[in-house]
1. Can you classify segment C:1-111 as rounded, prolate or oblate using the Cα gyration tensor, where a ≥ b ≥ c are the square roots of its eigenvalues, rounded means a/c under 1.5, and otherwise it's prolate if a/b beats b/c and oblate if not?
2. For chain C, what class follows from the C-alpha gyration tensor (a ≥ b ≥ c being the square roots of its eigenvalues): rounded when a/c is under 1.5, otherwise prolate if a/b is larger than b/c, else oblate?
3. Could you tell me the relative contact order of segment C:5-185? Use alpha-carbon pairs under 8 Å, at least six residues apart, and round to a whole percent.
4. If a/c stays under 1.5 just call it rounded; otherwise compare a/b with b/c (prolate if a/b is bigger, oblate if not). Do that for segment B:1-104, with a ≥ b ≥ c from the square roots of the Cα gyration tensor eigenvalues.
5. Please average, across the residues of A:46-56, the number of beta carbons from any other chain that are within 10 Å of each residue's own beta carbon, and give a whole number.
6. Counting only Cα atoms, I'd like the Rg/Rh figure for segment B:13-191, Kirkwood definition for Rh.
7. If packing is taken as the mean number of other Cβ atoms within 10 Å per residue, what is the order of B:106-119, B:89-102, highest first?
8. Taking other Cβ within 10 Å of each residue's Cβ, how do B:136, A:21, A:54, A:90 sort, fewest first?
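Rule-based calculations on the coordinates, nothing more; no lab input. If you're wondering where the values come from, they're calculated on a predicted model, not measured in any experiment. When we count neighbours, we look across all protein chains shown, and the Cβ atoms used for this are built from the backbone with ideal geometry, even at glycine.
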């Protein structure tokens, strides 16, 4: 048996090495998430739901009861579980297509209703599993299979700013942030804050994570990290968008 | 399912109510835990009555953003181990098939009430039997599901209770196929507590969140509906189909009337079967050798039973408020039979006793 | 008591068509008979013609709709067209007395055509609002499908909230009902 590198206890060893591509951002997101769950000690009651797209490859990733759903539908499934058994901690995991396109109505309405679940969305600017088509988060001028000459915002709109939108529609008790796989410590702390909201029964948390897809970006390691850390962050600001209890300063007042 | 007291949850009594109210009461009687729903006519009053009843019985309700969400939230509620249900109609039924195909693949015992309205498209909010094919085969698969087609308020009540039991016993998504007429009309029925009557309620149990620490006390539960290889999928579907076929004979239900010597066999389901039976009663008085066959389960379909009646008859008359959706089920079931089939199709419109009588006389 | 009846009533929204249909069917249920009442319903929440189909019988009732009404009632001019198709040569067709110039729309074949001046009588003796109760009384007098006493009981239980505030209304409704029956018997 191959010697496995150190990994979170919450990772299910039987299915490692995992099925994600080399250089994929998903395992990093799932590592930060695993540590957050472990540190909060909620392994016994956490339910993980994953979407369609590359996120589905996480269906047997954790030592957690897990359900893989349909494209865009992980949010309502987790809402259904949470409403039926509020004592469970429910995490919906999806990509940008699942959250911002096909399942956007679920994200918006779960946020507005302040559902007591956590939604984690990996943003890698493309539909990866289907072969690199334009996603809601594809950057202007970025080339994809369906924007071979680069995304033209005139014709296809601007990239979706998810956390900004969710922050605008959630009540003050919600937690909304955008992290990146380039800062795993920070990402873990975002996850912990989001989960803490849920543990306290205070409502919705949403964390978008900037994540890499070298396979569809057709980038080497250096180019991947450059795109992730420099190109994406120019458009997608990393940080917290809504922190409960944080005093809001209104400079126009 | 600890009951707060020993009083029956519903006092047995005769009532004169709408079908939608009967369904909501049946949900209470069946110890349903939670309903997820989205407004659409003629289903709305199921939610209206449920939201009035639910808090009194410690039960839940969530109004979702659309039927897609209502269907998937129902799947979630069931995965969490609760008797969860939803109800919809027409275009909502189309949207819910997404979640119901997941339920088919993963054998999730959802319960869904359908109040058929006119179709295709938005059509009318009134009535039809045009959701027969959709309800039986709406997924991208083989229709691995159970569909009860009801004909009266008593049946709406009885079969809604039964749907929860069938779903949880066999672990297939289960549908109660009603229609807008049944939803909105008032007639009498007896509501009751099934426990009082000695009907055993099949307990629900969680698929997820089974307790203990996954990976430590027990292996984690990993549920999926995606498969990598075609042979892998083939085995899964084969197993599903075999499991379904193995129990189908326990599930099928049908009703025959005067079929023994019937020269003309009327086949109808749902509320149309009432008109068919009314026609049989009157035609028999006039000396016509006519009988009727009514599939109560449309999935699985009582094929053998119908075949026997069909072979004895000289002619069959398929009657439905759709353009041949029941007929497809019939011809599939009796393939090889040489009994000719005549039809009375009224897509989106009601069919009366008188119309069936004149159709039979015109054969 | 008669064997049963198939009754279709149509009128404008707000004329109380569904109210009396509901009361008639409820009364039949109270008397232990088979009753089935179905309102027409469309996408419009308000306005338009409102139609109610009622069947009362001692045997199980087949389809909720029927083609051969025993009694067909039109409370407004434009509702005539909506019910004419439920009439055959056995049907008694009733129309409200204020409907004029509508003869051309009357059902082609029916047993009897009766004009019922319910609005006029309601205005003269009671209150315009109870004209539908006079109509209901007329239907009962004509068909004898339910007893007047049972219908009074149903009126009391369904309108209790109104009667509590204004006890005179009870008497008025009961009298309007009796007046309708009387009109039918003396027609």
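1. It comes out oblate by the Cα gyration axes.
2. rounded
3. 21
4. Working: a/c = 2.33, a/b = 1.43, b/c = 1.63.
Oblate, because a/c is 1.5 or more while a/b does not exceed b/c.
5. Working: counts 2, 8, 4, 4, 2, 0, 2, 0, 0, 0, 3.
Whole-number average of other-chain Cβ neighbours for A:46-56 is 2.
6. Numbers: Rg = 14.3 Å, Rh = 15.4 Å.
Across segment B:13-191, the Cα-based Rg/Rh ratio is 0.93.
7. Working: B:106-119: 26.1, B:89-102: 23.8.
Result, highest mean Cβ count within 10 Å first: B:106-119, B:89-102.
8. Working: B:136 24, A:21 17, A:54 27, A:90 30.
In order of increasing Cβ crowding within 10 Å: A:21, B:136, A:54, A:90.
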